[in-house]
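Worksheet for the structure shown next.
The values are calculated or read from the model by the stated rules, or taken from the named source; none is laboratory data. The structure displayed is predicted, hence computed values, not measured ones. So basically every Cβ, Gly included, is an ideal-geometry build from the backbone, and we count neighbours across all protein chains shown.
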Amino acid sequence: MGTKGPGALVLPDQDYSVIPDYVQHSMTGVSSVHKEARDFGHVYYRYLARGLQQGWFRPQPHVLVPGGLGGIQGALEDLRDGKASAVKYVLRLADTEGVGEPGGLESGSAV
């Protein structure tokens, strides 16, 4: 089975061993702000939080896709039909039917 694109993992200290070998993925994070750049991280993230509160810093427009992984088909169809422009689709694995159930997906997984 091939991959069409990589997945970015963002939660540190998680067990990602449940991700199959054929799924291309990489860890993305800013662990240095928890270690050697702690003072920088303290100031930087408070500055960004203030910007969000005051409205001069805005996140990338996004759409939370209902149903977790079950919503991928609709999201892809929207992309194909030109219904999405300059937005990111966000899928929460925890919203996927079967997550956390015996034999289902692991709710702590992120891909």
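Look at PRO20 and say whether it is under 15 Å from the mean Cα position of the chain (by Cα) and on the phi < 0 side of the Ramachandran plot. No, not satisfied. Restricting attention to region 66-87, the residues being β-branched (Val, Ile, Thr) and either assigned to a helix (DSSP H, G or I) or at pLDDT 95 or above (or both) number 1. Within region 18-36, being basic (Lys, Arg) and surrounded by 12 or more Cβ atoms within 10 Å (Cβ to Cβ) holds for no residue. Residue under question is TYR45, and the condition is that it be part of a helix (DSSP H, G or I), at pLDDT 75 or above and surrounded by 10 or more Cβ atoms within 10 Å (Cβ to Cβ); does it hold? Taking the combined requirement at face value, the residue satisfies it.
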